[in-house]
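Down below is the structure, laid out as structure tokens.
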Amino acid sequence: ILAGRLDEAGKTGNRTRLLRFAPGAYTTMPFVHDYWEEVYLVSGDLIVGGTSVEEASPSFAPNTYACRPPGVYHGPFRSQTGCLLLELHYYEAQLFE
């Protein structure tokens, strides 16, 4: 589910979305973007970091919140049981409009 419009080329706007990871889902590389990101873990588990399922990495439970400024690398991510994330993405200019 997406709401709003984030214009990455024009560096304006905002986006709110629900992101679901299926059980066992994973990403393989860290990534970075030039907008702010706030994330709230609604349900399930989210494991951050590590390049394999065997590598020990921090695991987060529901009601965890994170805020990432532009330019911060994050990930990779994986989930054992699956999870639901509420994400807010926006450019700093949006804070003052």
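The label point for V32 and the one for Y65, both projected 7 Å from the Cα toward the Cβ, are 2.7 nm apart. Could you tally the net charge around R17, taking each other residue with its Cβ under 12 Å from the Cβ of R17, Lys/Arg +1 and Asp/Glu -1? So the surrounding residues net to 0.
For Cα Rg over 2.2 N^0.38 Å, pick the label among [x] 1.47; [y] 0.97; [z] 1.12 that corresponds to the value derived from the coordinates. Structure-derived value, by its label: [z]. For E92 and A22, a Förster radius of 41 Å and the Cβ-Cβ distance give a FRET efficiency of 0.80, rounded to the nearest 0.05.
FRET efficiency for the pair V42 and R5, taken as 1/(1 + (r/R0)^6) with r the Cβ-Cβ distance and R0 = 25 Å, rounds to 0.65.
Bear in mind that the values in this text are calculations on the coordinates, not laboratory data. Since we're looking at a predicted model, the values are computed, not measured. Note that we place each Cβ from the backbone using ideal geometry, even for glycine, and neighbour counts take in every protein chain shown.
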